[in-house]
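See below for the structure under consideration.
The values are calculated or read from the model by the stated rules, or taken from the named source; none is laboratory data. What you see is a predicted model, and the numbers here were worked out from it, not measured in a lab. Note: ideal-geometry Cβ built from the backbone for every residue, glycine included; neighbour counts use all protein chains shown. Quick note on the areas: whole protein, heavy atoms, side chains included, nothing else; ligands and nucleic acids left out. Shrake-Rupley method; radii C 1.70, N 1.55, O 1.52, S 1.80 Å.
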Amino acid sequence: MTAADPAPDPGPVARLDEVTVTYGRQAALRGVTAEFAAGAVGLLGPNGAGKSTLLKALLGFVRPDAGTLRALGFDVARQPLAVRARIGYMPESDAHIPGLNAVSFVAYCGQLAGLPRAPAVQRAHEVLQYVGLGEERYRLVDTYSTGMKQRIKLAQALVHDPDLLCLDEPTNGMDPRGRDEMLALVRDLAYRKDVNVIVSSHLLPDVEATCEHVLVMHQGSLVAAGPIAELKGPGRRAFELRIKGDAIRFAEELREAGADCHDDGTGVLRVLVGENRGARDLFALAATRGVQVRHLRPSVPTLEDVFAQAIGETDA
Amino acid sequence: MGIHDQSYRRYVGPRTEPGAAWSVIAWSGIRALLARRIFLVVLLFAWSQFVVRAVLLYLSANFPSMELIAPSVQTFRDFFDQQSFFVFVVTVYAGAGLIANDRRANALQIYLAKPLTRAEYVAGKAGVLVAFLLLVTWVPAMLLLVLQAMFAGNLTFVRENLFLLPAMTVFAMLEVLAASFAMLALSSLSTSARFAGMLYAGAILFTTAIFQTVRGVTGSSAASWISLSANLAQVGDVIFGVAPRHDTPWGISLLIVVGLIGASLAVLGWRVRGVEVVT
């Protein structure tokens, strides 16, 4: 292979094929087929979309009623231990092993994951330093604040050096500074340390700040997937629009005219149009419909637009 | 000179094969309990009977006038009988929080996200309890047998009662496994160690109280199957080859003890999961 050859495609780190998971009569995942690309992938969706269930199915915590899951080349149903040996999982809820200080807890997790005792203790010190708990590593985990507990959950997921890190709502309960630091850690792991990361979150900025790819879930189904840049629509233009009159009706008319449009919840319409259309077209349409434009500001397409469009299409 | 990188490093060292995590869990639990002074005091008291019986063995072996206290099969049966109080205390103290505390701190999803099975997790937790219960039953009983031979200066007693070795082992294992799995099952049902301990104590004391009441009214011990400890005592008598103390057929008592272990394992299989599903 020469330097000019393209790097080999590492392939998906996880793949779901027609996976259905039900809790009693409630379907948490409905025939989901998806691939998680190498690198950082965001798993986006409102609460109850099935994100956590998907991660738990990847870990083998829940057995799918139908379909198959593969992670890092292993069949999750047949080789769950091989999968879990290579995955680090940071659960959404507060979780720790009681009665241990941070070093003992993280080292213990390392040993459970197959590291001999001495390297596990050494790694525990290193990852605690890395996640910013170096000064507090001899304190009982039970006494940690919410933000510190988020960090130690990341440390226990990292201690055995996983190839795939599954982070379920990693910034839950963190203050703004802590949140920024957590997102910086995730970015560092994904882009500098070659750890594949799945970030499950309902917070769009978190995913946008850390991931290149995204899977959008809604009501147990996959409604959009791909590189974030592509999903935003290259060349598309966005506008924020406020009108005097019936905004819901005008939004429908915009959609009929070929624009993507959604209300941001404050009475402002976000309108996405193709690259060869612009503000003049919006003014023209408003004039023909007798609608008065009170505010029009150019914007850029965001992940929120992708999300709103995907969710909106499903609901429609 | 390069500056030491305190950032995240990939791990290239050795890893153990899956299957050994239960021993990590067991050792961690054992170390945690041994670090508690109160528990060490309990263990010390649990060995007090051993010390007394060792002295009696010495006296009977060295003073012909002490023939009245010469060891017999019944001596060892009685030893286990009297140790059952410490089995109860150690089970409640060491076992009540083993799973309940993990459930309270949501630790099960931490454990089960690692390369270990639910069976390994239960085995690790059971290992903690089994180790300490054997330490207060089987280990001192075996040591007493060894001391008897040493004090007597011959193996006559051991040779004549060779069946004591398997009898003590089988009974100790039955008693220890029944107590361990019953306690773990109750611990898995709650997020409070105190509540789990009270459940276990209640189950043991309440069933015994009912049995004793029925016995007082009817004058017969045919209802001993009601009491968990009476069932163990009945099976123990048969294993040691002494006259059974109750009127319940020993087969029924054995069935109940084995059934208790089976039911406890079923509860553990149901409760020990990485995700709690509420439907």
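Observations on the model:
- Averaged over the residues of A:92-98, the number of partner chain Cβ atoms lying within 10 Å of the residue Cβ comes to 6.
- Entries in A:K153/B:K125; A:K51/B:K125; A:K56/A:K193; A:K51/A:K244; A:K51/A:K232 that, when Cα-Cα distance is taken, lie over 28 Å: A:K51/B:K125; A:K51/A:K244
- With the whole protein complex present, B:R245 retains an accessible surface near 90 Å², based on a 1.4 Å probe.
- Note on the range A:43-146: Kirkwood hydrodynamic radius from all Cα pairs is 15.6 Å, rounded to one decimal.
- When A:D264, B:D237 are compared by accessible area at a 1.4 angstrom probe, the order from most to least is A:D264, B:D237.
- Exposure of A:R30 as accessible area (Å², to 10), given a probe of 1.4 Å and all protein chains: 120
- A Gaussian network model of chain A, with springs between Cα atoms under 10 Å, assigns the largest mean-square fluctuation among A:A120, A:A257, A:A40 to A:A257.
- The overall shape of the range A:129-208 is oblate: from the C-alpha gyration tensor, with semi-axes ordered a ≥ b ≥ c, the ratio a/c is 1.5 or greater and a/b is no larger than b/c.
- Largest to smallest accessible area among B:F195, A:F105, A:F61 [probe 1.4 Å]: B:F195, A:F61, A:F105
- Principal axis dimensions, the protein assembly as shown - Cα atoms, whole angstrom, descending: 120, 71, 42
- For residues of A:17-23, the mean tally of beta carbons on other chains within 10 Å: 1
- Taking a straight Cα-Cα cut-off under 20 Å and skipping sequence neighbours fewer than 8 places away in the same chain, the aspartates and glutamates within cross-link reach of B:K114 are A:D75, A:E92, A:D94, A:E126, A:D161, A:D163, A:D168, A:E169, B:E17, B:D102, B:E276.
- When B:S60, B:S187 are compared by accessible area of protein heavy atoms, the largest-first order is B:S60, B:S187, using a 1.4 Å probe.
- Relative to the dominant Cα principal axis of chain A, helix A:247-256 is inclined by about 90°.
- Top positive-direction residue, dipole computed over the range B:1-141 with Cβ charges, set B:A100, B:P64, B:F88: B:A100
- Here is how the number arises for the protein assembly as shown: DSSP H runs of 4 or more residues each give -39500 (n - 2.57), the sum is divided by the residue count, and the result at 222 nm is -17000 deg cm²/dmol.
- Each part gets one Cα centre, and for the range B:123-191 versus the range A:163-209 those centres are 51 Å apart.
- When peptides A:221-233, B:208-220 are sorted by average Cβ neighbour count within 10 Å, with the highest value leading, the order is A:221-233, B:208-220.
- Based on alpha-carbon atoms, the Kirkwood radius and the radius of gyration of chain B give Rg/Rh equal to 1.07.
- B:W270 accessible area, assembled protein chains, probe 1.4 Å, Å²: 150
- Rounded to 10°, Cα long-axis angle of helix B:138-152 versus longest principal axis of chain B: 40
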